[in-house]
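*Asks:* Would you mind keeping the following structure in view while I ask a few things?
No lab work stands behind these numbers, since they all come straight from the coordinates. As the structure is a prediction and not an experimental result, all values here were calculated from the model. No Cβ is skipped: glycine too gets one built from the backbone with ideal geometry, and neighbour counts run over all protein chains shown.
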Amino acid sequence: MKQSSLSHLVQPFHVMELVKAADALQAEGKPVIHLSIGEPDFPMPEPVEQAFARAISAHKTRYTAALGLPELREAISQYYQTNFHVRVPAHQIVITSGASAALMYACLALINPGEEVLLADPGYPCNKTFVQMAGGTPAFVQTQEAENFQPAWTDLSSQWTPKTAGVLLASPNNPTGTQLSPRAMREIVDGVTARNGFVIVDEIYQSLCYDSPPQSVLQVTGAPNTQNPLVVINSFSKYFGMTGLRLGWMVVPDSLLPAIERFAQNLSICPNTPAQWAALACFTRETLAICEERRLIFKARRDFMVNALPKAGIELHSTPDSAFYIYAKSPYNSERYCKELLEQALVCAVPGKDFSEFRGEEMMRFSYANSMDRLETAIERIQFFNRS
Ligand SMILES: Cc1ncc(COP(=O)(O)O)c(C=O)c1O
């Protein structure tokens, strides 16, 4: 069958080959330790699980409004007020099928075919796909470890061309576990606004931070409007541990709402209904206490890994303070190293190729979304492998 050119343009994740090899080893009974996983290793918080079950029993399984349950939009608005002291009107909050759908809608609403979008490199591999789906061209902006792999406005402005439509960033970022400073955010939003562009900020790992309170670009700019051409994206996947429920949200300027609503109506009708009802339980004191407890567990693991990896022969050149990733220098070509580490030491970490156009072969990503005893064993294995 003849296929579309888009279907050839979309890249596979190179890491999937490695994960398949890891699965095959596990199927042979080999005790592989995964430092490759991009989701929390905890189940979803019990109050959310119970709320999900209640929603199903109460037959809350029909379509909702395309923009999401009004109650949930209101609860998120309240969450911004309580936790970030920023007023985001509920009508500017749109519930989506994960951050993934939010990224897709934002790109479809903002990019014209032939326009370029600046993407910080390294970054989340799917971002380039969202840009391409909208007919845009990703333009990668290399970031430096000395800057914690986050771009400054000068890095972005030096690559701005007449074709540039805007910028897509993540803070905290995947694969680096590092954040943009409020000052850098201010400068980026101001610089982009002066050039009539847009800024999409993906804050999916927002509350998983370990050295400072969680932050949002919205604290710097206020709610998006014509002066702040901003779309902010978030998700229930990571901090709230609900990856499989496929629920996220986006904060958009009023002017963009009708377009986003049309994309939502046409592309997904509405987000998962029982998941939306369950998500209302995320903002209770009980659930937030569970998520906080887990954040502290992630922090202890981060502390352990940041200390242990260099002793095991892995160099770190940045300070990860968020998400659950460490982006480190691979001892040699990262694809070969990760393959050999898996085959010989039964530790699955991922090469940088999926995340970076520039230094993917040099770099690799470790995820510490795994128990402390497994992390300890993984470090022992890495150390033994690097010394042998
Ligand atoms: C930076 C980033 N953005 C978006 C996503 C997609 O998340 P969701 O599960 O909310 O669709 C991920 C998933 O790993 C991610 O790392």
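*Asks:* Using the alpha carbons of segment 49-166, what is the convex hull volume per residue in cubic angstrom, as a whole number?
*Replies:* 167 Å³
*Asks:* Need one number for the chain: average projected area of the convex hull over its C-alpha atoms, nm².
*Replies:* Mean projected area for the chain: 19.7 nm², to one decimal.
*Asks:* Between S181 and M16, what length in nm is gained on full extension when 0.36 nm per residue of separation is reduced by their alpha carbon distance?
*Replies:* Difference between extended and current length: 56.1 nm.
*Asks:* Take peptides 200-206, 316-322, 7-13 and line them up by average Cβ neighbours within 10 Å, highest first, as a rough protection proxy.
*Replies:* The packing order, highest mean first, is 200-206, 316-322, 7-13.
*Asks:* Would you list, by chain and number, the lysines whose Cα falls below 19 Å from the Cα of K353, excluding same-chain residues fewer than 8 positions away?
*Replies:* Within the straight-line limit of under 19 Å, K353 reaches these lysines: K20, K128, K329, K339.
*Asks:* Under the definition of Cα pairs under 8 Å and six or more residues apart, what whole-number percent is the relative contact order of segment 46-284?
*Replies:* 29 percent
*Asks:* A further question on this structure: Given the DSSP H assignment, sum -39500 (n - 2.57) over each helix run of at least 4 residues in the chain and divide by its residue total; what's the result at 222 nm in deg cm²/dmol, nearest 500?
*Replies:* After summing the helix terms and dividing by residue count, I get -13000 deg cm²/dmol.
*Asks:* Say R0 is 25 Å: what FRET efficiency, to the nearest 0.05, do T226 and K163 get from their beta-carbon distance?
*Replies:* Efficiency, from the Cβ-Cβ distance: 0.65.
*Asks:* Could you name the lysines whose alpha carbon sits less than 29 Å from that of K60, not counting residues in the same chain fewer than 8 places away?
*Replies:* K238
*Asks:* Label-point separation (nm) for I297 and Q144, each offset 7 Å from Cα along Cα-to-Cβ?
*Replies:* Going from the I297 label point to the Q144 one covers 3.9 nm.
*Asks:* Could I ask something else about it? Residue by residue, what Karplus-based ³J(HN,Hα) values in Hz, rounded to whole numbers, does segment 334-346 have, using 6.51, -1.76 and 1.60 with θ = phi - 60° and x for Gly and Pro?
*Replies:* 5, 5, 5, 4, 5, 5, 5, 4, 5, 5, 9, 10, 6
*Asks:* Here is a follow-up. Please list 82-95, 365-378 highest first by mean number of surrounding beta-carbon atoms within 10 Å per residue.
*Replies:* Per-residue mean Cβ counts within 10 Å order the peptides as 365-378, 82-95.
*Asks:* Further question: Need one number: nm distance between label points at Q50 and M372, each 7 Å from Cα along Cα→Cβ, rounded to one decimal.
*Replies:* Going by the 7 Å Cα→Cβ label model, 2.8 nm.
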